[in-house]
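Input: a single structure, listed below in structure tokens.
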Amino acid sequence: MAMRRVIRASCVSSSSAGYLARQFHASSGDSKKIVGVFYKANDYASKNPNFLGCVENALGIRSWLESQGHHYIVTDDKEGPNCELEKHIPDLHVLISTPFHPAYVTAERIKKAKNLQLLLTAGIGSDHIDLQAAAAAGLTVAEVTGSNVVSVAEDELMRILILMRNFVPGYNQVVNGEWNVAGIAYRAYDLEGKTVGTVGAGRIGKLLLQRLKPFGCNLLYHDRLQMGPEMENETGAKYVESLDEMLPKCDVVVVNTPLTEKTRGMFNKEMIGKMKKGVLIVNNARGAIMDRQAVVEAVESGHIGGYSGDVWDPQPAPKDHPWRYMPNQAMTPHISGTTIDAQLRYAAGTKDMLEKYFKGEDFPAQNYIVKDGELAPQYR
């Protein structure tokens, strides 16, 4: 089967016998144990029939899976040695998780998961998985590429405007029964004519640039790969090879790069110091790309004029996370990629990959994060 763990000849040693035995056991029989980890919706689960990304509605695939004889367990309990997920680690075959309520798949959990073959992300972003450990174990890791890129790009545009127009304090005035126009207007600006740079110009970054073009901004992008001339013309964006060169030019910086060992903590005190005083930052990528304390200090000093995003490290964010209490922030829980439209797409994409998995067929190439022990290029 295409999704089985793979043992490379060069890696086989005298200690591999037990591993090979587990392989045979995991691959025998048609019935699979599948565990899904999603957030609980409680009363909201029944308010929309398309609200599929929660525990209660379980991606809408329970009846289908069980009709084929598979065992499908869904939980939101994923932390600690006695959690529900931990009980199922030793004998599950497939683990489905989302970036919005991530099941952190550590090297330790992978080692315990004797039957594990497939890790699926219902959505985009598989950094809650130890990808190096997954690759070493020969696991397949895949996500529903493209499923929520429109959702995230639209959300980023909204956050740029919220920060630029100083919207949150104005909203809070209304809620608190206040009326102080000066308290908002002194730091509210037009987006037109401002320089916006995206760090990363993959699917989401390109969509954001396309949506920003009508606003009359000066658009810049930094990425490991330059767009083709046609796409650059369509977006109106200019490529800047050096991040150090781009950042000082930007009134707004949007983070659209995946979390890897290279990008973890890349926006530290030094990197932030290269930006304009008063820069606005939007980060819907991953919280760990930012140095947490460096962001707090820069926002408090005014070097960062406003910070908005929906990604935290860890997730869910603890009550004492300092980003909750920064001035001039417009943070939310991780919501940008889990609109109802996105849920329909990533639920359908997850089902499609499961169907292919049961048949031993390959997934769409762009969905693979780890295949046959090899990491996708962007995660290397």
What are the pairs with Cβ atoms under 6 angstrom where one residue, in the stretch 360-380, is farther than 9 Å from Val141 by Cβ and the other, located anywhere, is part of a helix (DSSP H, G or I) and of a type in the set (D, E, K, R)? Sequence gap at least six, or different chains. Phe363/Lys356
Quick one: which strands (runs of 3 or more DSSP E) sit completely within the stretch 109-209 and have at least 3 residues that are modelled with pLDDT of 95 or more and out of contact with any helix residue (DSSP H, G or I) (no Cβ under 9 Å at 6 or more places or on another chain)? none
Complete set of residues in the stretch 219-234 that are over 20 Å from Pro258 (Cα atoms) and touching a helix residue (DSSP H, G or I) at 6+ places or on another chain (Cβ under 8 Å): Leu219, Met231, Glu234
Hits in the stretch 174-188 (condition: under 14 Å from Asn328 (Cα atoms) and either among the small types (Gly, Ala, Ser) or under 34 Å from the mean Cα position of the chain (by Cα) (or both)): Gly183, Ile184, Ala185, Arg187, Ala188
Could you check the stretch 214-236 and list, in sequence order, the residues that are more than 27 Å from Ile272 (Cβ to Cβ), part of a helix (DSSP H, G or I) and either open to solvent by 70 Å² or more (accessible area, probe 1.4 Å) or not charged (D, E, K, R) (or both)? Pro214, Pro229, Glu230, Met231, Asn233, Glu234
Val168 - would you say it is in the same structural domain as Val311 (by the TED database) and of a type in the set (Val, Ile, Thr)? yes
The stretch 237-250, residues that are open to solvent by 40 Å² or more (accessible area, probe 1.4 Å) and either assigned to a loop (DSSP other than H, G, I, E, B) or of a type in the set (S, T, N, Q) (or both): Glu241, Ser242
Tell me, which residue of the stretch 331-349 that is among the hydroxyl-bearing types (Ser, Thr, Tyr) and not in a helix (DSSP H, G or I) is most open to solvent (accessible area, probe 1.4 Å)? Thr339
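This table checks each residue for (1) modelled with pLDDT of 95 or more; (2) assigned by the TED database to the domain that holds Ile204; (3) surrounded by 20 or more Cβ atoms within 10 Å (Cβ to Cβ).
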site: Asp320; (1), (2), (3): yes, yes, no
site: Trp323; (1), (2), (3): yes, yes, no
site: Pro327; (1), (2), (3): yes, yes, no
site: Lys351; (1), (2), (3): yes, no, no
site: Phe358; (1), (2), (3): yes, no, no
site: Asn367; (1), (2), (3): yes, no, yes
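The values are calculated or read from the model by the stated rules, or taken from the named source; none is laboratory data. Keep in mind the model is a prediction, meaning the values are calculated, not measured. Because the Cβ atoms are built from the backbone with ideal geometry, glycine has one as well, and the counts that use them run over all protein chains shown. These accessible areas exclude ligands, DNA and RNA; they are computed on the full protein's heavy atoms, side chains included. Shrake-Rupley method; radii C 1.70, N 1.55, O 1.52, S 1.80 Å.
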